[in-house]
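Just below is one structure, and these are the notes that go with it.
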Amino acid sequence: MKLQQLRYIWEVAHHELNVSVTAQSLYTSQPGISKQIRLLEDELGLQIFTRSGKHLTRITPAGQEVLRVAGEILARVDIIKQLAQEHSAPERGSLSIATTHTQARYALPAVIEKFIAKYPSVALHMHQGTPVQISEMASEGSVDFAIATEAMELFGNLLMMPCYRWNRCILVLRNHPLCQVSSLCLEDVAAHPIVTYVFGFTGRSRLDEAFRARQLEPRVVFTATDADVIKTYVRLGLGIGIVAHMAYEPKLDADLVALDASHLFDSSVTSIGFRRGSFLRGFMYDFIQGFAPHLTREVVDKACTLNDRAELDQFFAGFELPVY
């Protein structure tokens, strides 16, 4: 059994069983991958994948178990590499982040600018996706950090640490009737068509919970994954927009009015998460603290020792999170 064989089956499983695409991503040949997978299956005496002709069709139950252990082994190998690099070249390496459009567009630019200035020899890679996709990437180890508001609690092997709280605002055109309402309530909001985030994005669940608690059925006429698109359709008069307050930029959005909605919807918390057991290099600690100043190296190390979700919640309950 070779590490290369374990890498091949792992990558094939994460490229939708497409050996050709896997070969391209690994800069090797399709026949070479197929041969090594066959050799591994012969050595183990079991099928990892079922086949239809030359095509892999699914992962067998035994293959699922093999892949789980293979993933753990490959993760430990990567830790050894990271450990060696930390000693030989502490300011060189790579950092991969998965996040949503809102975080990438509004929360991260200043953090990344400072990080790149401090670590010019660290290659920074950003991946965007849905909160579930982001969390899955971190859970599988294909990215170092996931930054999101939703879905990370679905993956038990992720250590999540709260970074900041944020509130919502309601975006309307300057001549909109809501501009004349002195004390905005949910009933006022529900009376108008709404443009907001797709369910599962950027704290959308908190918005739905608020309407449900008041037994209101909002008319959500359009949803999108990022605030820039939402603002575009508010400008077209499709409805009022409900977005993260950080997404309102007074200079660029001077044609819109942002009405405070912090009293209408509970605040949401954006967290940063990584796979438990990960080896964090020095520049990774710096990135975390640059994004969330209260998450010092000591705090992160302490959080890593807490395995129970309730313990983590209790630990971070004493922290005063910044609000945006």
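The values are calculated or read from the model by the stated rules, or taken from the named source; none is laboratory data. These figures come from a predicted structure and were not determined experimentally. Methodologically, a virtual Cβ is constructed for each residue, glycine included, from the backbone with ideal geometry; neighbour enumeration extends over all protein chains shown. Side chains included, ligands, DNA and RNA excluded: accessible areas come from the protein's heavy atoms. Shrake-Rupley method; radii C 1.70, N 1.55, O 1.52, S 1.80 Å.
Values computed for the structure shown
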quantity	calculated
Residues of segment 189-227 satisfying the condition of being open to solvent by 40 Å² or more (accessible area, probe 1.4 Å) and part of a helix (DSSP H, G or I)	206, 209, 212, 213
Check on residue 36, open to solvent by 70 Å² or more (accessible area, probe 1.4 Å) and either under 29 Å from residue 150 (Cβ atoms) or out of contact with any strand residue (DSSP E or B) (no Cβ under 9 Å at 6 or more places or on another chain) (or both)	no
Filter result for residue 81 (at negative phi, open to solvent by 60 Å² or more (accessible area, probe 1.4 Å), part of a helix (DSSP H, G or I) and at pLDDT 90 or above)	no
Meets criteria (over 23 Å from residue 274 (Cβ atoms), open to solvent by 60 Å² or more (accessible area, probe 1.4 Å), charged (D, E, K, R) and in a loop (DSSP other than H, G, I, E, B)) for residue 91	no
Hey, residue 264 modelled with pLDDT of 90 or more, farther than 30 Å from residue 174 by Cα and part of a loop (DSSP other than H, G, I, E, B) or not	no
Residue list for segment 262-281, restricted to those being of a type in the set (S, T, N, Q), under 17 Å from the mean Cα position of the chain (by Cα) and open to solvent by 30 Å² or more (accessible area, probe 1.4 Å)	278
From 147, 170, 134, residue being touching a residue at least 12 places away in the same chain (Cβ under 8 Å), buried (at least 19 other Cβ atoms within 10 Å of the Cβ) and either among the polar types (S, T, N, Q) or under 17 Å from residue 260 (Cβ atoms) (or both)	170
Residue that is modelled with the lowest pLDDT, among those in segment 290-322 that are open to solvent by 90 Å² or more (accessible area, probe 1.4 Å), outside any loop (DSSP other than H, G, I, E, B) and not acidic (Asp, Glu)	309
Matching residues in segment 1-33 - criterion: being among the β-branched types (Val, Ile, Thr), in contact (Cβ under 8 Å) with a residue 40 or more places away in the chain and surrounded by fewer than 19 Cβ atoms within 10 Å (Cβ to Cβ)	none
